[in-house]
Amino acid sequence: MMATAFEFKDVTFAYRSHPALNGVSFSIRLGERVALLGANGSGKSTLLRMMDALCFAAEGTATALSAPLTEAAMQDDRTNFAFRRRVGLVFQNPDVQLFNPTVMDELAFGPLQLGWDKPKVRDAIAAMLARFNIEQVKDRPPHRLSGGEKKRVALASVLITEPEILLLDEPTAALDPASRADLVGLLAREPVAGRTVVTATHDLDIVEDIADRAIVLSEGRIAADGPALDILHDIELLRRTHLIFEHRHSHGGHPSTAHGHLHSGIGPAEA
Ligand SMILES: Nc1ncnc2c1ncn2[C@@H]1O[C@H](COP(=O)(O)OP(=O)(O)O)[C@@H](O)[C@H]1O
Ligand SMILES: [Mg+2]
């Protein structure tokens with residue numbers, strides 16, 4: 001049997017009566033790097049939260065690592081613990097994720113939960129501080145850091161326990177260009193052999209670096225699923241799903257250069 005990270009069949013989900021996912025089916029193999037694309041409100045965060053067992057399918061079936069993603073299954077402590085050590089979600093808004101008094105405590109939290117011994121925790125923290133360039137802020141409260149630093153700490157706090165499956169929600173949202181380039185560099189270098197990475201984003205410029213496959217969501221449905229480059233070149237699809245928009249403007253002093261061209265993105269996403 002093929003090693004499967006996720007298998008979703010006809011999954012629906014609604015917030016009260018507000019539909020968020022509507023008949024979503026896909027499967028992701030272990031080791032795949034997938035971009036989850038879609039405009040604001042298309043269902044990306046809901047889908048990632050479901051993949052992290054933070055919400056559950058109302059209809060249809062979902063599995064992670066070949067085990068059912070149901071509330072009943074996750075109520076079993078051993079199942080939940082086993083799942084949490086294998087799957088990690090980095091939230092869009094690091095303020096939701098970071099809650100410890102210092103960066104060091106933040107990094108130690110996951111390993112201590114898993115019962116690692118002190119020397120192993122210490123070594124892992126040192127490695128993360130260096131890898132994410134956050135040594136200089138290690139004793140500071142996470143909520144007082146810059147946006148880029150917070151994102152790096154949030155990512156480090158999830159990666160420190162080396163989850164097999166990494167789920168990233170809009171990792172470049174609200175970052176300045178330098179921090180964004182930094183983070184994409186880290187993610188592009190990330191492919192630890194065999195790690196599955198699913199990244200929700202509407203930042204088309206990063207897709208090529210961080211994913212081989214793209215799944216496009218539109219209004220809670222899958223609008224496309226295929227090789228990332230094919231999807232990035234399907235202008236009609238991107239326009240239809242509001243991942244790009246076209247407008248006309250003229251460049252100063254040269255009205256003759258007025259032209260239609262494409263801009264990616266829908267502006268910074270809200271948390
Ligand atoms: N906590 C919530 N309560 C009610 N509706 C929500 C909530 N979170 C998201 N939604 C709605 O569900 C739909 C999908 O949202 P979301 O998964 O956050 O999309 P995305 O991450 O692509 O922006 C949207 O219509 C959104 O307004
Ligand atoms: Mg979202």
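Some values worked out for this structure:
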quantity	calculated
Hits in segment 26-59 (condition: surrounded by 15 or more Cβ atoms within 10 Å (Cβ to Cβ), of a type outside the set (Val, Ile, Thr) and in a strand (DSSP E or B))	PHE26, ARG33, ALA35, LEU36, LEU37
Checklist (1) away from ligand 2 (no atom under 14 Å from the Cβ); (2) in contact with a strand residue (DSSP E or B) (Cβ under 9 Å, 6 or more places away or on another chain); (3) not small (Gly, Ala, Ser) applied to LEU107, failing item	(2)
Residue match in segment 45-65 (condition: small (Gly, Ala, Ser), within 16 Å of ligand 2 (Cβ to nearest atom), in contact with a Gly (Cβ under 7 Å, 6 or more places away or on another chain) and over 22 Å from GLN113 (Cα atoms))	no
Matching option when the condition is within 16 Å of ligand 2 (Cβ to nearest atom) and of a type in the set (Gly, Ala, Ser), among ALA188, ALA178, ALA200	ALA200
Listing of helices (runs of 4 or more DSSP H) fully contained in segment 145-250 that carry 1 or more residues being closer than 30 Å to ASP105 by Cβ	147-159, 177-189, 204-210
Qualifying residue in segment 130-138 (condition: modelled with pLDDT of 90 or more, out of contact with any Gly (no Cβ under 7 Å at 6 or more places or on another chain) and within 16 Å of ligand 2 (Cβ to nearest atom))	no
Residue identified as in contact (Cβ under 8 Å) with a residue 24 or more places away in the chain, among the hydrophobic types (A, V, I, L, M, F, W, C), in contact with a His (Cβ under 7 Å, 6 or more places away or on another chain) and within 16 Å of ligand 1 (Cβ to nearest atom) among LEU21, LEU37	LEU37
Cβ-Cβ under 7 Å pairs, at least 6 apart or on other chains, segment 55-81 side in contact (Cβ under 8 Å) with a residue 12 or more places away in the chain and closer than 18 Å to ILE165 by Cβ, far side of a type in the set (Asp, Glu) and buried (at least 16 other Cβ atoms within 10 Å of the Cβ)	THR63/GLU7
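The values are calculated or read from the model by the stated rules, or taken from the named source; none is laboratory data. Please read these numbers as outputs of a predicted model, since none were measured by experiment. All Cβ positions, glycine included, derive from the backbone under ideal geometry; neighbour counts span all protein chains shown.
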